[in-house]
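Okay, structure first, notes after.
The values are calculated or read from the model by the stated rules, or taken from the named source; none is laboratory data. Not measured: the values here are computed from a predicted model. Counting neighbours? That spans all protein chains shown, and the Cβs are built from the backbone with ideal geometry, glycine included.
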Amino acid sequence: MSLAGRQTFAVDSLAIDDIPGNTSILLTSDDSDALEAVFYRLVAAPEDEQSVVLATESSGRSTKRSLKNAIRGADDRSTMLTCEGPDRGEGVQSVAELGDLTRLGMDFSELFAEAQQTEAPLRAGILLCSTIMGEVDDTRSVYRFLNSNFLSQLRRSKALGVCAIDMSADIGADIDSTVVGLETSFSARIDVESTGRKQATLDVSGLGDNDGTIEVSW
Amino acid sequence: MAEAIRSEDGLEPTTATTVAEAGDRIESEAVDCVVTEYDLTDGTGLDVVGHLRDADPHTPVVLFTGVSPSEIDTASFEEMIVEYLNRDLPDAPDRLGFIVDDVISHSAQVGFLVPDSEGSRLEALAEYDVDELPIEESFSRLTDLIADRFDVAVSFIGLIEKDVENVLACTGSDWDSITREDTICTHSMLQEDVMVVEDINEDKRFANNDALQNLGIVSYAGANMTNKDGEVIGQVCVIDHERRDYSAAERESLQQYAATAMEILELRQSLRNARGVEVEA
């Protein structure tokens, strides 16, 4: 059976050429504002697409606002799991305990499956995976979570996936070494370096003609 | 459920209707994937997963149920990962067969990271007839020298195979092989430089790893054995039972030992290949 139709994904606001489906991006930065800005510009769904977001440090309302700021109307084309604030608004579901990866994985799988009941191409993202790593006792369970509940779902739905890591976070392990390891599970990497207010340089690898450095502002 | 799985080419389901029966089946048969309902007469689907994780932590599991995730009691299973599929979705049977086939094909439950070039790396490793090479004596002399140089409890040389690290020589202990998910070398092999973990108890990648704790490992340093094509096939490592760091000079020295181990392996293999040609001639 096929779980998806076409796919390339436009990211006009970042001056990045269309990204093919089934691309998984590891997005890193030690500047949380710049990281968040780039994340939402990758994950926000234009018309005829949809988004699934796991937001570990923001409420449903805040996440929807960020999606809307990236692309008008993207908030109405999204469903999300949030770990902060009340379970409020259409398409918003809250996670009781971030360290409970069994539940988190099942919730995420369910959101993916429901999204795939329509033909609309899917963008999915985790903001921030570093928060999850900080919550669990054993990092190996995060590798399983990413492999089973995130990367597999991207592959099956030919989606665009973005997993964001705040390099300044305390994850209870050497974050540079951990990210070098994690990089092997993803097809692309974008490192975001803030260069001023609402400006950044993207260091891109694994995205074909987009590879290299790209100056962006928002 | 069984019909949906059978509809995929190459998949043959075997069925059990209780936790106990599933547990027996898991212990007595090789299974590639477990699909389970949540509500069972003598427990839950997560109890089945518990049996499986003891027997084989890598086997993927699909929870195929009409019970919502919010109604599932995960209190005792907080870091056990399962696929979840709502059986009430309109396309659930089709989706189940596809998912089972997919998770088996991609070993989705793997709890360790693999290099991008894992396929060609394993092919490169297979070119060395390690079992046929008189290598262990040379490697043992080398690990003796390494342990002496760094004044550590253990030094070893291991080749990293698909699922295990095969220890070819070990000074200070009698390690034979270690499951790849449990080794620090699995992480170290992905790093460009020598990887040092000063104290595994302060690193969540390793702190809750019972295998490492049982081996008494506290500090670790590992250097890559890299072949001429750039494939990392093994590691040269030093271990101590107490916290310690390694200076830049010590790291460089360990890297030199790894290069030496690689040269010994290459030379032995070249010699064996040359003798094979002589015999054929």
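Odds and ends about this structure:
- Counting only strands (runs of 3 or more DSSP E) that fall entirely inside the stretch A:84-170 and contain at least 2 residues that are at pLDDT 90 or above, in contact with a strand residue (DSSP E or B) (Cβ under 7 Å, 6 or more places away or on another chain) and more than 14 Å from every other protein chain (Cβ to nearest Cβ), the qualifying elements are A:122-127, A:160-166.
- In summary, strands (runs of 3 or more DSSP E) completely within the stretch A:8-81 and bearing 1 or more residues that are surrounded by fewer than 17 Cβ atoms within 10 Å (Cβ to Cβ) and either among the polar types (S, T, N, Q) or at pLDDT below 95 (or both) occur at A:8-11, A:16-20.
- Residue within the stretch A:180-189 that is touching a strand residue (DSSP E or B) at 6+ places or on another chain (Cβ under 6 Å), away from chain B (no Cβ under 14 Å) and of a type outside the set (Val, Ile, Thr) present: no
- Checked against (1) within 15 Å of the chain's Cα centre (by Cα); (2) closer than 20 Å to A:GLN117 by Cβ, A:SER66 passes all but condition (2).
- Residue within the stretch B:11-33 that is assigned to a loop (DSSP other than H, G, I, E, B), in contact with a Ser or Thr (Cβ under 9 Å, 6 or more places away or on another chain), within 14 Å of chain A (Cβ to nearest Cβ) and not aromatic (Phe, Trp, Tyr) present: yes
- Test: residue in the stretch B:156-166 that is away from every other protein chain (no Cβ under 14 Å), over 20 Å from the mean Cα position of the chain (by Cα), modelled with pLDDT of 95 or more and not in a helix (DSSP H, G or I): no
- Exactly one residue out of A:GLY172, A:GLY181, A:GLY206 is more than 17 Å from the chain's Cα centre (by Cα) and surrounded by fewer than 20 Cβ atoms within 10 Å (Cβ to Cβ): that is A:GLY172.
- For first residues located in the stretch A:179-203 and over 14 Å from A:GLU36 (Cβ atoms), partners that are acidic (Asp, Glu) and part of a helix (DSSP H, G or I) and lie 6+ apart or on another chain with Cβ distances below 8 Å form the pairs A:ARG189/A:GLU183.
- From the options B:SER188, B:SER177, residue that is among the hydroxyl-bearing types (Ser, Thr, Tyr) and either under 22 Å from B:GLU252 (Cα atoms) or more than 18 Å from the chain's Cα centre (by Cα) (or both): B:SER188
- Breaking point among (1) surrounded by 15 or more Cβ atoms within 10 Å (Cβ to Cβ); (2) within 19 Å of A:ASP100 (Cβ to Cβ); (3) of a type outside the set (Val, Ile, Thr), for B:PHE64: (2)
- Residue in the stretch A:181-218 that is nearest to B:VAL194 (Cα to Cα), counting only those that are in contact with an Asp or Glu (Cβ under 8 Å, 6 or more places away or on another chain) and β-branched (Val, Ile, Thr): A:THR184
- Within the stretch B:80-103, residues that are within 7 Å of chain A (Cβ to nearest Cβ) and farther than 25 Å from A:LEU98 by Cα sit with their Cβ atoms under 7 Å from residues that are of a type in the set (S, T, N, Q) and outside any loop (DSSP other than H, G, I, E, B), at 6+ positions apart or across chains, in these pairs: B:ASP102/A:SER152.
- Test: residue in the stretch A:126-138 that is crowded, with 24+ Cβ neighbours inside 10 Å and in contact with a Cys (Cβ under 6 Å, 6 or more places away or on another chain): yes
- Set B:VAL238, B:VAL232: member being β-branched (Val, Ile, Thr), at pLDDT 95 or above and more than 20 Å from B:LEU145 (Cβ to Cβ): B:VAL232
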